[in-house]
1. Looking at the range C:1-30, I want the residues that are of a type in the set (Lys, Arg) and have a partner that is at pLDDT below 70 with Cβ atoms under 9 Å, at least 6 apart or on another chain. Which pairs are those?
2. Looking at (1) within 14 Å of chain A (Cβ to nearest Cβ); (2) without any contact (Cβ under 8 Å) to a residue 60 or more places away in the chain; (3) more than 12 Å from the chain's Cα centre (by Cα); (4) buried (at least 18 other Cβ atoms within 10 Å of the Cβ), which is the one condition that is false for C:ALA105?
3. State whether one or more residues within the range C:23-32 are more than 12 Å from chain A (Cβ to nearest Cβ), under 29 Å from A:PHE9 (Cβ atoms), buried (at least 20 other Cβ atoms within 10 Å of the Cβ) and touching a helix residue (DSSP H, G or I) at 6+ places or on another chain (Cβ under 8 Å).
4. Please enumerate the residues belonging to the range B:19-68 that are over 22 Å from B:THR189 (Cα atoms) and either touching a strand residue (DSSP E or B) at 6+ places or on another chain (Cβ under 9 Å) or of a type in the set (S, T, N, Q) (or both).
5. If A:GLU65 satisfies all but one of (1) exposed (fewer than 10 other Cβ atoms within 10 Å of the Cβ); (2) in contact with a Pro (Cβ under 6 Å, 6 or more places away or on another chain), what's the number of the condition it fails?
6. If you take the residues of the range C:233-246 that are at the interface with chain A (Cβ under 10 Å from one of its Cβ atoms) and either in a loop (DSSP other than H, G, I, E, B) or of a type in the set (Lys, Arg) (or both), which of them is farthest from C:ASN88 (Cα to Cα)?
7. Could you tell me which residue of the range C:122-131 is surrounded by the fewest Cβ atoms within 10 Å (Cβ to Cβ), considering only residues that are more than 12 Å from every other protein chain (Cβ to nearest Cβ) and touching a residue at least 12 places away in the same chain (Cβ under 8 Å)?
8. Going through C:SER72, C:SER63, C:SER95 one at a time, which residue ends up being at pLDDT 85 or above, among the polar types (S, T, N, Q) and surrounded by fewer than 22 Cβ atoms within 10 Å (Cβ to Cβ)?
Amino acid sequence: MQFESFSEFLAMGGYGFYVWLSFGSCSAILLAIFISSLRDGYKLRDEVRAQMRREERIKQAKQQEQV
Amino acid sequence: MMNHSYWQLFISVYKKDVTLAFRQRSEIVNPLLFFLIVITLFPLAIGPEPALLTRMAPGIIWVAALLSTMLGLDKLFRDDFNDGSLEQLIASPYPLPLSVLAKVLAHWTTTGLPMVLMAPVFALLMNLEAQALSATVLTLLIGTPLLSFIGAIGAGLTVGLQKGGILMSLLVLPLYIPVLIFATSAIDTSSMSLAYGGQLAILGAMLAIACVCAPIAISSALKVSVN
Amino acid sequence: MWKWLHPYAKAERAYQLCNTLLPYFAVITLVCLVIGWVWGLAYAPADYQQKDSYRIIFIHVPSAILSMGAYSSMAIAAIIALVWQIRNAELAVISIAPVGAAMTAIALLTGAAWGKPMWGAWWVWDARLTSELILLFLYFGVLSLYHAFEDKKSAGRAACILAVVGVINLPIIHFSVEWWNTLHQGSTITKFDTSAIDPSMLWPLLINIVAFAGFVGLVTLIRLKNEIIQHEKHRPWVRELVGRGE
């Protein structure tokens, strides 16, 4: 461990602002693209499911018409 | 026989585009006027001190040339795309890169060449020294066809899109950076009375590569856009 | 090798491959990222010259390497897509581009935050910064071209052509910019044997590079899965898959 205390760790020898700024923005971007990729996937799967249900309903309605 | 007809195809495509441009004179005059106006804006914006203008002249002239080349690029394939003759060119048995080469050269003749010819006059406006004048003309002479070639790739990619114009500038401008760097550095070097053959040689090499590679890239871009 | 590779041109097989690879990438990324950041931030010794501000290197260098690595892999995928007409390669191009753009953005942001205390300015027109910025423009060009097309089939092909044109231009841009102006410090770890960097700093840096590479792979796989589903959503296998709740 290079730092004596937690406040020293935060201060980063006077460069705290720059170090935490870059690590902060980095994690923000990484998280943002990761989460948005996952969310896109869930949304897409929901859309496909909705489409499947719709086709199922149409099929059923057509069958009822025939009956 | 076959060689002869390839040559004929090249000439006829080239002639058609140049004749069309000369009939609608605005296509030739507008980029030139734009070139002049952009150059006029800079002294107004940064101040009229002659020393400052001399220092910034190469950059300003080149940025203006770059922007006015962009202006004509959108029309390069647009009209042919709209009236269907682009499809004819693609469907014809002749190699598409050849007709594309003719079209790009026609574009350069109608937008790049007038700029090269007018550059000495505009350079006077920017208080450019006499020794830098020849460098300006030479870099423009080698550089503007290069701009047409690279720009035509972007134009080919975006010709099928409704609002392709802005997107095309976004795609093409980053690719223009090497041309800008070497051209302005050639002019800078020449205004210090040093030899600028090296930069010109690099520009020439880039032009040679673009001559060979760009028509292929443009043709595949056009094929994507048309179908 | 072709016999082995060829089935992956089929969307279903590619999707399954993504699923197999995903957990490995996820574990590697998570483990390396945690180790790399804790080691880099807390345990690596301070630089004698740049003090603690040098710790930004642990994200700046990996993201810069990966921004270029992602572009080259995108270009390779684009060439494969254009030459062999493989749809999955096109989808891969579109999946890599946003991740590469993110890496480039991180490299630029962290570079700015490092430049302020070291050079006294957030931004200097130095060669590497400028070419990194142009790289970001190229990524944006590929992405916006893809999204501009209504028809996703020609969108993919157009994006591939642009990616290939970009990769031919990239070295030219890089060397022209380098030649134009150089202020940036030389590479730190180009040669491993005569490395200018102490092992106590090199190890966390290497771990971070692995972590970022893993992250690029991970997110690319997730996005590639999405793209495959998007393009094959009328196929029975996708329906079955989605119906199972996967």
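The values are calculated or read from the model by the stated rules, or taken from the named source; none is laboratory data. For clarity, every value in this text was computed on a predicted model and none was experimentally measured. A quick note on method: Cβ atoms are made from the backbone with ideal geometry, for glycine too, and the neighbour counts reach across all protein chains shown.
1. C:ARG13/C:PRO7
2. In the conditions (1) within 14 Å of chain A (Cβ to nearest Cβ); (2) without any contact (Cβ under 8 Å) to a residue 60 or more places away in the chain; (3) more than 12 Å from the chain's Cα centre (by Cα); (4) buried (at least 18 other Cβ atoms within 10 Å of the Cβ), C:ALA105 misses (3) alone.
3. yes
4. Passing the criteria: B:THR19, B:GLN24, B:SER26, B:ASN30, B:THR40, B:SER68.
5. (2)
6. For the range C:233-246, the residue satisfying everything is C:GLY245.
7. Step by step, filter the range C:122-131, then rank; the result is C:VAL124.
8. C:SER72
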